Amino acid sequence: MAKPSSWIPHVEAFVDSSRPPNQHAASLDAIAALMKGGVLTIEESVREMELYLVTTDNIVRSRGILLLAELLLRFMLKPLDVSTIHSLIEFFTSRMADWQALRGALIGCLALLRRKDSVGMVSINDARALARSYLKNLQVQSLALQDRKLCFELLECLLDKFPDAVVPLGEELVTGVCEAIDEEKDPRCLILTFRIAEILLRLFPDPLGPVANLAEDIFDILGRYFPIYFTHPKTDDLDIKRDDLSRSLMHVFSSTPFFEPYAIPLLLEKLSSAFPIAKVDSLKYLSNCTLHYGVQRMEKHAKALWSSLRDTICACSPQEYLFSLDSQDTVSQGNEVAKEALLCLHTILLHFDGLQCDLMFNLIIEDDELETIFNSVSGERHYKDFPIESWRKLNALASILSVSAKISSSCCSRVFEKFFSRLMIIMGISSGASSLHCYRNGNPAVSNELSFGALCLCVELLAACRELAVNAQLKPVPEHDKWCCMLQNVSSSLAYAFGSGIVEAEFCAGMNQLTGRADNFTTARGLEMLGTFPGCNFPITEAVFENILMTFMSIMTSRCEDTFIWNLALKSLVHIGAFIGKFHDSEKELCYMRIVVEKIVSLLPVDDSALPLSMKLKAAADIGTTGLSFMMKINVKLEDAINTEFLKAFGGVTHPKAAENLIHLLNCYSKRVIPWCHENGKFEELASSFAINIWNLMEANTDFNIGIQEQGLLDALAVVMSLVVAGCRDEYQNLIVQKAHAILSSRPFFELMDSEPSIQLEGLLPSHYSVKFCCKDEWIIALFASVVTALRPQTILPNVKAILNVFTVFLLLRGHVSAAQALGSMMNKWPTKISSGELSDTCNLEEASNIVFKISSVLSSGFERKSDDLDDNHMLCHPIDGHNLVQIHAVVGLAWIGKGLLMRGHEKVKDIIMVLLKCLLSLDSPYNLPLSVDSMHDGDGKDMQFLLAKSAADAFHVFLSESDICLNKKLHARTRPLYKQHFFSTMMPILVSSIKECVSSNTRSVLYRAFGHIISDTPLAALLVEAKKLIPSLLDGLSVLSVDVQNKDLIYSLLLVLSGIIVDDNGKEAITENAHTIINLLVQLVMYPHMMLVRETAIQCLIAMSALPHALIYPMRLQVLQAVSKALNDRKRPVRQEAVRCRQAWASMASRSLHF
Amino acid sequence: MVSGLINENPVVYERKERRARSAPVETDEYAEDLIDQLEIFDILIQYNIKDPEHPYSLEELKVITEDAIEVDDKQSYVRVTFTPTVEHCSMATVIGLCLRVKLIRSLPSRFKVDIRVAPGTHATETAVNKQLNDKERVAAALENPNLVEMVDECLAPSFA
């Protein structure tokens, strides 16, 4: 045991109210630490602290009790024996009467009551005594907020955890609680009081009990809060929202059926109030109360409920045509009320349905007002001259009927009997098979023009009964209900009427909005509803189903000029297809396949049909996504089409549009078909066969009558190829690679590459310059590169050395980035260990990375070339390329190889960085004009040198940026975690010191370009750590780079970095230190002429800077205001708007002396 | 000075749905966006200039509307016509002053700003117009610390 002297001073410190709160906390911590270590027990501390707990000094006593309570709160999980708990709770209970020490007593009781059974709980008797003392001594509403909150927490805990202890208190408890919660206004307490009321009311379900007796009074206290009117500012940290309060109160309302006589009239009254929020709340409460009060109690309110709901729905329904009532359109406030009202109606109907003899339902069916609305609306012919009120009525009626029909099959039948048959008459649709006969003869027996009002109601009813049927599918088979029979009788003529309505829809250009074509939309929807009925032959027969599909298909093939109708038809077909897939309806599937899919597919290859290719592809892809079998079918035909177009594009005869068509087809394949297959299976078979097919085509094609200038086509092909390959597992990848390699190695140039074991260190051999790549070679290499970039690391690449050579030569001579990317990807995925059984032509990564030397030797030969080297005759072999272009290509190659190595964390990347740095600094070297006396002019040589240095700087961008065509997660790149951060921290010192040493302005500018790329691509968190060192260089860089227009994108990204540092808390210090320089720079950038985003961001930074300490920035104020005034006259609006804000921010620092 | 509020119970209108500016399609870096009605209106309601008497913004009280703004960027000319809530509103000059100050602070200095009371909406229309467009008198008003404070309060950002 600890000596009292060791911890009593802490107690002294705690009870001394003159000390600051942090000392109180520290002493509490100290005592708690002793207890935690087991040196001190609670019992001992109580014994030693006796004096503090019972002294007559109010302050000391209250602090002492508080200390004990806080300690108990901290050790709620520490086991205590029963007698200790008993004496402690007895002590705290007695303290309830001691108002000076109340806080401690409340916390102490709370800590004891919340203990779990396993560590010693308060006994029932003690809890009851506590409750008695609470009710007797506490005047909750006279206490301060914090104490009130504690009181409520205590009460909630008592009611919640010790119901057996408090229930015997009966009426005393109920009145006591009511007294405590009456008139509470603080939201934090209110949420507790609602909870208390809810628990309390549930504790006394007895109809003769205290709650039943006092229900009116209790409701009087609680009902006042409804509807919750809560206008707390949003920025408050209370973390209580109106919705929380409202929900809690709703639970209180529904917690006891004794509230029914008082609550329902109140809710109905508030439902008719003008505030939308009160309406929504009332509706929610009504639904909830109906659920809890039971039908018997609600029965007498049925009439009032129905008429209020009807009026609300009629008054708040939207005033324009809706997609459908459950559409995901944005809801305005009125709509929200209507929606909630419908939901409430649904709940009530559902609840009344099973139990009572259709009381509520009869009200609806026999309602006179609905009847009037029906009569007025169903006769409306043209929606275009509908008054707003008619829309409202139509929507209200449609939604009420729809909700009622969805309740149950018998309800649906009654709605059908009452309304559906009349609608059929209005629409002029006769039942029976005769109309089907008419349809087959193409002889319209029904009037073409359907009454729009009736049409809407009819479609809404169809949708409702369809939903009912779909839900019934999950249950046992429904008996053939009356509504089914009615529908079956008219289904064929209905389908015909809808079909002719949409097929004969007039097309007017510029009428593509829904508002102008509501009738077309509705008929299409009706047809879709009929087409998506579950069950194979009932109520919709197969013949009708076929007719529906044929109607849509005729629109698809012949109405492409009317995009609205065409899209409607396509959407409906997609819905029907998806529905078939969902319900595994094999008969309908066959039907769909025969009528829809085969027709669509047959359209694909024919390029002279009336339908544009892009529409055909969209239709095919959309329909394909509805089912695997459909997609397979479409895929086959799509590949055929690709084959045909491929042959045309590369064939001897020129087809002007073939290449363009092929690009369309390939895009569709890569954007729609492949991603879908990837998610839904069968991907690899498809993908690998597709890839091999393409390679076969490449091989077989001898004409190759196409130039490399068809870059768009090559790109599309490469994208598809890498997507296809990347998705396959390695065995399929191996297959594809072998195929591709076989074709590559059969080309004549390949032998040359293969025979040379490696390219000589001095650079390219003369023989390499003489390699002639024909057009086909270029395509094959580029395509092979796209395969290589997508391989998985474990896929084996045959004959790697030759492939390395091919790519290197191709890159250096032709400057193809794809070759560089392939090299980078190879380096990145190169296996770390090679098993002994491998083929002899493999080599390890070290050897392979010697390619870096080979490539960089091209560069170094450039640096060190003296004038006597000029007789290099291989230069003259390719005068068009010139040596410097080769050098630039080499830099690009190094960039991608470096990226590959950097991402896997290989140290060889250092060599590349050194070469690149040398390139950057070469502008300063004495031999910086290696080509000046060559065939080029002086100025050109200098420009070329600058270009070379610039591309070296851009290599750093390649290193760190995310590329979507190479070396990313999807293409299986190996990525070392935090490689960017690592690169940043190694490169920064080197670059910064070279910038310091450098004297020439050109070199400075390229060095800063490299620096800028690194900074803008490194994650901000890493930069913030170094912010202090970084900021001066960043600022200097910005001002150096802003001279050249070509750097504008870089400037923008650097400015974003700067703004990131300004707004981050960790960057504050660095910003404050350099505030003046930063502001000077920003003021210049406000006028940056070449890019709006730069100006806008600069002004935003200035706004952020205005939050710095006043004394620091005040001297800059005039300068900033002058600059911003100029920006008010900027030619771009966003800049002006920011300038207004900025001016306000800076001018308001001293509002009296605004400078106009 | 009259005690009590001049218009005790003004009609408050719901804020009109903002006419959305169509997203710029061209990305010509050097093309010029002219200052137009909507931009001026945005400036005027940007911080919800408040009524001097009520916590409502001028937009909510329909004191200023988008249609009541005339602007010609080429001629550097703006004319704002505002409608006081009641005919005898003595706050009209203060509101007008606020509008003027706001525009001076937010527009390039080349603009000539003309602030007017809508014809027939105020008892002393001509006097108010004269006062609001007299450079000397505006300058003098802004020398008056009480007035400047009042104007600043109207223009202070609020986040209603």
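The values are calculated or read from the model by the stated rules, or taken from the named source; none is laboratory data. Nothing here was measured: the structure is a model prediction, and the numbers come from that model. Here the Cβ positions follow ideal geometry from the backbone for every residue, glycine too, while neighbour counts run over all protein chains shown. Side chains included, ligands, DNA and RNA excluded: accessible areas come from the protein's heavy atoms. Shrake-Rupley method; radii C 1.70, N 1.55, O 1.52, S 1.80 Å.
Numbers at a glance
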quantity	calculated
Test result for B:Glu60, within 14 Å of another protein chain (Cβ to nearest Cβ) and at pLDDT below 80	no
Helices (runs of 4 or more DSSP H) completely within segment A:115-202 that count 3 or more residues being open to solvent by less than 20 Å² (accessible area, probe 1.4 Å)	A:124-137, A:145-161, A:171-181
Selection status of A:Leu1121, assigned to a helix (DSSP H, G or I) and more than 13 Å from chain B (Cβ to nearest Cβ)	no
So A:Val1057, is it open to solvent by 10 Å² or more (accessible area, probe 1.4 Å), away from chain B (no Cβ under 14 Å) and among the β-branched types (Val, Ile, Thr)	yes
Residue that is modelled with the lowest pLDDT, among those in segment A:94-107 that are under 54 Å from the mean Cα position of the chain (by Cα) and assigned to a helix (DSSP H, G or I)	A:Ala101
Selection status of B:Glu87, in a loop (DSSP other than H, G, I, E, B), acidic (Asp, Glu) and open to solvent by 20 Å² or more (accessible area, probe 1.4 Å)	yes
Hits in segment A:79-93 - residues which are open to solvent by 60 Å² or more (accessible area, probe 1.4 Å) and outside any helix (DSSP H, G or I)	A:Pro79, A:Asp81
Filter result for the condition that a residue is modelled with pLDDT of 70 or more, open to solvent by 90 Å² or more (accessible area, probe 1.4 Å) and within 19 Å of the chain's Cα centre (by Cα), over B:Glu70, B:Glu39, B:Glu53	B:Glu70
Any hit, segment A:1033-1050, residues being acidic (Asp, Glu), within 23 Å of A:Pro1019 (Cα to Cα) and not in a helix (DSSP H, G or I)	no
Test: residue in segment A:1130-1144 that is of a type outside the set (Lys, Arg), surrounded by 22 or more Cβ atoms within 10 Å (Cβ to Cβ), outside any helix (DSSP H, G or I) and within 14 Å of chain B (Cβ to nearest Cβ)	yes
Condition met for B:Val101 (more than 14 Å from chain A (Cβ to nearest Cβ), buried (at least 16 other Cβ atoms within 10 Å of the Cβ) and not in a loop (DSSP other than H, G, I, E, B))	no
Test: residue in segment A:241-257 that is without any contact (Cβ under 8 Å) to a residue 12 or more places away in the chain and in a loop (DSSP other than H, G, I, E, B)	yes
Residue identified as without any contact (Cβ under 8 Å) to a residue 60 or more places away in the chain, open to solvent by 30 Å² or more (accessible area, probe 1.4 Å) and within 11 Å of chain B (Cβ to nearest Cβ) among A:Lys1068, A:Lys1048	A:Lys1048
Per-region count, segment A:1085-1114, residues within 14 Å of chain B (Cβ to nearest Cβ), without any contact (Cβ under 8 Å) to a residue 40 or more places away in the chain and open to solvent by less than 40 Å² (accessible area, probe 1.4 Å)	0
So B:Val63, is it in contact with a Cys (Cβ under 6 Å, 6 or more places away or on another chain), free of Cβ contacts under 8 Å to residues at least 60 places away in the same chain and aliphatic (A, V, I, L, M)	no
Given (1) without any contact (Cβ under 8 Å) to a residue 40 or more places away in the chain; (2) open to solvent by less than 70 Å² (accessible area, probe 1.4 Å); (3) farther than 21 Å from A:Thr557 by Cβ, number of the condition A:Trp676 does not satisfy	(1)
Enumeration of residues in segment A:273-293 that are open to solvent by 20 Å² or more (accessible area, probe 1.4 Å) and within 16 Å of A:Ile228 (Cα to Cα)	A:Ser273, A:Ala274, A:Phe275, A:Pro276, A:Ile277, A:Lys279, A:Lys284
Cβ pairs under 7 Å, 6+ apart, first in segment A:654-669 and under 17 Å from A:Val636 (Cα atoms), second modelled with pLDDT of 80 or more and open to solvent by 60 Å² or more (accessible area, probe 1.4 Å)	A:His664/A:Ser614
So A:Ser273, is it more than 16 Å from A:Thr347 (Cβ to Cβ), of a type in the set (Ser, Thr, Tyr) and outside any helix (DSSP H, G or I)	yes
Residue list for segment A:24-49, restricted to those being in contact with a helix residue (DSSP H, G or I) (Cβ under 6 Å, 6 or more places away or on another chain) and open to solvent by 70 Å² or more (accessible area, probe 1.4 Å)	A:Glu48
Extreme residue, nearest to the other protein chains (Cβ to nearest Cβ), among residues of segment B:106-139 that are assigned to a helix (DSSP H, G or I), without any contact (Cβ under 8 Å) to a residue 12 or more places away in the chain and not hydrophobic (A, V, I, L, M, F, W, C)	B:Lys135
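For every residue, the table says whether it meets (1) modelled with pLDDT under 80; (2) farther than 17 Å from A:Val817 by Cβ; (3) part of a helix (DSSP H, G or I).
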residue	(1), (2), (3)
A:Val892	no, no, yes
A:Lys899	no, no, yes
A:Ser922	yes, yes, yes
A:Val933	yes, yes, no
A:Leu947	no, no, yes
A:Lys950	no, no, yes
A:Asp954	no, no, yes
A:Lys969	no, yes, no
